[in-house]
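See below for the structure under consideration.
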Amino acid sequence: MNKTVELVNEWALFEEKHPGASIDDFCRHYLASHQQQKITGPLTGGVVPPTSEGLLLKMIGRIHKLNMNYAGRALEGTGLNQVEEFGILLTVQQEGNPRKTDIIYANLFELSSGTDMLNRLKTRGLIKEYDDEEDKRSKRIELTAAGAKAIDLCMLQMRKVAGMMTMELDEDDKQLCISLLKNIEIKFSALWQQHRGKPFEEVYTDMVADKKV
């Protein structure tokens, strides 16, 4: 087959699967998919799922667990006890003085567990809360000086962990992974609150209607 035709066909297949992707995304995908990488160990621990979807999600889950393990150790001495607390403080910093519920849901917490975490951070003097002037039923959250200092300490440690966990990937590979996974994160982050309390089969039916899974 003519090389130009072969390349165009590959681009057409990629564009069909990733309609929002750019030419740069395709180039990263093409190069990554044609690289011959040596396997130096088992692909994943435990039982290997029989489907590509299951294998992908298991690998993501295991990487997440490993990241949380190393990140938890990296936080020692920073004033924070777990990565989720860092996410909470970072949300407050970026949003300025967000409502409690906005912080909780932005970090994918249930209301009760998110409220408990905010209360612990408040008790330790890392955040403060006050009434929302426009809605007295709501509370808004601000960082304290101690909370801002904790973020600075943790940011350095989290960058170390992230760099260590992804050091086998070059920048193009990282950008390709982001490009391929971002739509899943965006889609389900926007929908998960609507799905709370619904049985899984109802959620599944709604999500995959008219789609082949």
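The values are calculated or read from the model by the stated rules, or taken from the named source; none is laboratory data. In this text the structure is predicted, and so the values were computed from the model without any measurement. Using ideal geometry, Cβ is built from the backbone for each residue, glycine included, and neighbour counts are taken over all protein chains shown. We work out accessible area using only protein heavy atoms, side chains counted, and drop any ligands, DNA or RNA first. Shrake-Rupley method; radii C 1.70, N 1.55, O 1.52, S 1.80 Å.
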Average accessible area per residue (Å²) across the chain - probe 1.4 Å, nucleic acids and ligands excluded: 71 Å²
Spin-label pair residue 119/residue 84, simplified geometry with 7 Å Cα→Cβ offset, distance in nm: 1.4 nm
Hits among lysines - C-alpha to C-alpha of residue 149 under 18 Å, sequence gap 8 or more where chains match: 122, 128, 160
Hull volume in cubic angstrom per residue (convex hull over the Cα atoms of region 76-133): 82 Å³
Apportionment of accessible area to carbon and sulfur, the chain, percent (1.4 Å): 56 percent
Loop sites in region 136-213: trypsin sites (Lys or Arg not before Pro), DSSP, at most 16 other Cβ within 10 Å: 136, 137, 196, 211, 212
Scaled radius of gyration (Cα, divided by 2.2 N^0.38 Å) that region 138-201 gives: 1.66
Where N is the number of residues in the chain, Cα Rg divided by 2.2 N^0.38 Å: 1.27
Loop-located GluC sites (Glu not before Pro) in region 96-170, at most 15 other Cβ atoms within 10 Å (DSSP): 110, 133, 134, 168
Kyte-Doolittle mean at least 0.5, axial Cα span of 24 Å or more - DSSP H helices of the chain: 145-165
Amide N proximity, region 173-195 versus residue 51 label position 7 Å along Cα-to-Cβ, cut-off under 18 Å: 184-185, 188
Anchor residue 17: lysines whose Cα lies under 24 Å away (excluding residues fewer than 8 positions away in-chain): 3, 58, 174, 182, 187, 211, 212
Formal net charge of residues neighbouring residue 139 (Cβ-Cβ distance under 9 Å; K, R +1; D, E -1): +1
Helical contribution to [θ] at 222 nm, DSSP H n ≥ 4, -39,500 (n - 2.57), averaged over the chain, rounded to 500: -21000 deg cm²/dmol
Gain on full stretching of the segment that runs from residue 181 to residue 63 - 0.36 nm per residue minus C-alpha separation: 41.0 nm
